[in-house]
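Following: one structure in structure tokens, then a few remarks.
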Amino acid sequence: MAAIDPSPSLEILVRGPEGFSLWNGPPFSNGQPGIKIEKVPCSNSKFSEDGSRLMVMKSDNVISIYDCSSSKEIRSFQLPNLAAASLSPCGNFLQTFQKASTPQEKNVILWKTETGDAVYHQFQKNMTKVTWPSIQFSFDEAVACRLATNEIQFFDAGDFSKGVVHRIRVPGVAAIELSKAPGSHVAAFVPESKGVPASVQIFACGKDSQSQPIARRSFFRCSTVQLNWNHGSTGLLVVVQSDVDKTNQSYYGESKLIYLTTDGTYEGVVSLRKEGPVHEVQWSYSGSEFAVVYGFMPARATVFDKKCNPLLELGTGPYNTIRWNPKGKFLCLAGFGNLPGDMAFWDYVEKKQLGTTKAEWSVTSEWSSDGRYFMTATTAPRLQVDNGIKIFHYNGSLYFKKMFDKLYQADWKPVSPDRYGEIVELIKSIDSLKVEETKPQGQGSKASQASTKTTSNNPPAQKPAAYRPPHAKNAAAVQAELFGESPKEAMGKNASRNKKKREKQKEKKAADTADASSGT
């Protein structure tokens, strides 16, 4: 049994109108989190990907960099007309974007956080989600590159004073994504142009490598793409989105999922078993499997291997979100945004569902680095009321809940999952725990559920009543079918009564017809 004690403790960043605080994460003593850093006024905050640094944007265009091990401020930058800032994965570099007054002004600056020195300058006309951060780093910061006009430019990450040291020419390139661990490949998206189909291409990053793509896939009807590399940089998942659905089945356009490998073993569309949009896709931490939520509601969820063979069906329901536990053992399947907030927790190794619950109005959701807790948050400005944090055990039982008048951000501090041991709680001891009366698929008997309701320390949250417009009094069966329930179970008294009347009328009509035919 792996020891958990030497592992780093969990921490949670919470930001509200008065600034950010840093909490000691679960397990909490006396049921409440300890405060590691009291409220610090700020307008934004963000951890580096490895959790070693914390970037805090304050008033008067000031950026402070905190060392997360000591919780002390180690560097401060004051920049006029500051519009955005981003930390590199290991926190060694700070990238800032300032509003430029003239085209000659180099408004994107790369700073060394340890010394505070500017190591690279460039001009960038505007900032979008595709073009920011301007310079992309691999997770170990050994590789750095940026998108330029018709080309991808590479830098010497150890010495930016050398400028651009290597270029890959890609005519019409509109977006790139550097693989993170390791930074061995880069994916480039070229949109449709003058009858030429759009394409996604994969290039090797080495200076001595050829400038020809090692993998390529072309397609029509594409407005935007999402590029998702796996850990190990061997596979790329591409969610292709079109603003217009030629089949007129969806108002929101159409989407498809494409998979490419760096060794050329697979290049094509992932075969999904239900029509409709691709809601979300996520790789496992190992990079050997990926999970997809797809299809018209009720959506379907499936886990695939690296050869696109289905490994596990997670069923159907009102879902649009998938979150893979960092240890690779558990999955959370959820329906957030405009969906009711249903969550289903699965044990991927044992291929079974552990529990179900709800987290209504959730805006963000993520697993803790040790894989034992799942946190959801309702935040402003997306939602101005009912702001708060909920933390669940990996089986779906509620562990902690706190409401706020206004909450802007709630994030786990990133820590490598490799620094934690395996989860020590035995799955058998919590198999029968249920946080709702609804029986999950393939789990236990009614008697076992009744016995566990009395022993659970976390009573199920009361379900909010669903709105029924006057013209939809008999729509319970339709709604139940949409959410994956049995229409018979959800059928109301009026619908049942009307059904019986219709059956009697049919029987009477059949009898009258039979009498008439026998009389003739």
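Considering only strands (runs of 3 or more DSSP E) fully contained in segment 69-165, which possess at least 3 residues that are farther than 27 Å from Gly51 by Cβ?
Details: elements: 72-78, 82-87, 93-98, 108-112, 118-122, 135-137, 144-148, 151-155.
In segment 69-165, 151-155 are the strands (runs of 3 or more DSSP E) which contain 3 or more residues that are farther than 27 Å from Gly51 by Cβ.
State all residues of segment 312-332 that are closer than 16 Å to Trp283 by Cβ and in contact (Cβ under 8 Å) with a residue 40 or more places away in the chain; if no residue qualifies, say none.
Passing the criteria: Thr321, Ile322, Arg323, Trp324, Asn325, Pro326, Lys327, Gly328, Lys329, Phe330, Leu331, Cys332.
For segment 26-60, which residues satisfy the criterion of being in contact with a Phe, Trp or Tyr (Cβ under 7 Å, 6 or more places away or on another chain), closer than 28 Å to Phe93 by Cβ and not in a strand (DSSP E or B)?
Once the filter is applied, which keeps residues that are in contact with a Phe, Trp or Tyr (Cβ under 7 Å, 6 or more places away or on another chain), closer than 28 Å to Phe93 by Cβ and not in a strand (DSSP E or B), segment 26-60 yields Cys42, Glu49.
Restricting to segment 167-184, what's the tally of residues that are part of a strand (DSSP E or B) and open to solvent by less than 30 Å² (accessible area, probe 1.4 Å)? Even if it seems obvious, please write down each step before you answer.
Pass one, segment 167-184, residues part of a strand (DSSP E or B): 167-169, 175-178.
Restricting the remaining residues to those that are open to solvent by less than 30 Å² (accessible area, probe 1.4 Å) gives 168, 175-176, 178.
Going through segment 167-184 one residue at a time, the tally reaches 4.
How many residues are surrounded by 20 or more Cβ atoms within 10 Å (Cβ to Cβ), within 30 Å of Gly371 (Cα to Cα) and polar (S, T, N, Q) if we restrict to segment 254-292?
So the answer is 2.
Could you list all residues from segment 72-95 that are in contact (Cβ under 8 Å) with a residue 40 or more places away in the chain, open to solvent by less than 20 Å² (accessible area, probe 1.4 Å) and more than 13 Å from Phe47 (Cα to Cα)?
Ala84, Gln95
Of the residues Ile65, Ile109, Ile37, Ile74, which single one is out of contact with any helix residue (DSSP H, G or I) (no Cβ under 7 Å at 6 or more places or on another chain), of a type in the set (Val, Ile, Thr) and modelled with pLDDT under 90?
Among Ile65, Ile109, Ile37, Ile74, only Ile37 is out of contact with any helix residue (DSSP H, G or I) (no Cβ under 7 Å at 6 or more places or on another chain), of a type in the set (Val, Ile, Thr) and modelled with pLDDT under 90.
Counting only residues that are open to solvent by 30 Å² or more (accessible area, probe 1.4 Å) and closer than 22 Å to Phe296 by Cβ, how many does segment 324-350 have? Spell out how you get there, then give the answer.
At the first step, the residues of segment 324-350 found to be open to solvent by 30 Å² or more (accessible area, probe 1.4 Å) are 327, 329, 337-340, 342, 349-350.
Still in the list and also closer than 22 Å to Phe296 by Cβ: 337-340, 342.
Selection size over segment 324-350: 5.
One residue is enough: does segment 106-121 have a residue meeting the conditions within 24 Å of the chain's Cα centre (by Cα) and not β-branched (Val, Ile, Thr)?
no
What's the total number of residues in segment 374-396 that are over 16 Å from the mean Cα position of the chain (by Cα), open to solvent by less than 50 Å² (accessible area, probe 1.4 Å) and within 14 Å of Phe330 (Cα to Cα)?
Residues that pass the stated criteria total 4.
Would it be correct to say that Leu314 is crowded, with 19+ Cβ neighbours inside 10 Å and in contact with a strand residue (DSSP E or B) (Cβ under 6 Å, 6 or more places away or on another chain)?
In short, yes.
Residue check: is Asp342 modelled with pLDDT under 95, under 30 Å from Asn24 (Cα atoms) and touching a strand residue (DSSP E or B) at 6+ places or on another chain (Cβ under 7 Å)? Give the steps one after another, and end with the answer.
Working: modelled with pLDDT under 95: yes; under 30 Å from Asn24 (Cα atoms): yes; touching a strand residue (DSSP E or B) at 6+ places or on another chain (Cβ under 7 Å): yes.
So Asp342 fits the description; yes.
Which of (1) under 30 Å from Leu272 (Cβ atoms); (2) modelled with pLDDT of 90 or more is the odd one out, the single condition Gly388 does not satisfy?
It is condition (1) that Gly388 fails.
Keeping to segment 252-289, report how many residues are basic (Lys, Arg) and not in a loop (DSSP other than H, G, I, E, B). Working first, answer last.
Filtering segment 252-289 down to residues basic (Lys, Arg) leaves 256, 273-274.
Remaining after also requiring not in a loop (DSSP other than H, G, I, E, B): 256.
The qualifying residues number 1.
For segment 147-166, which positions are touching a residue at least 24 places away in the same chain (Cβ under 8 Å) and open to solvent by 20 Å² or more (accessible area, probe 1.4 Å)?
Passing the criteria: Leu147, Ser161, Val165, His166.
The values are calculated or read from the model by the stated rules, or taken from the named source; none is laboratory data. The model shown is predicted, which means the values in this text are computed figures rather than measured ones. All Cβ positions, glycine included, derive from the backbone under ideal geometry; neighbour counts span all protein chains shown. The accessibility values were calculated without ligands, DNA or RNA, using every heavy atom of the protein model including side chains. Shrake-Rupley method; radii C 1.70, N 1.55, O 1.52, S 1.80 Å.
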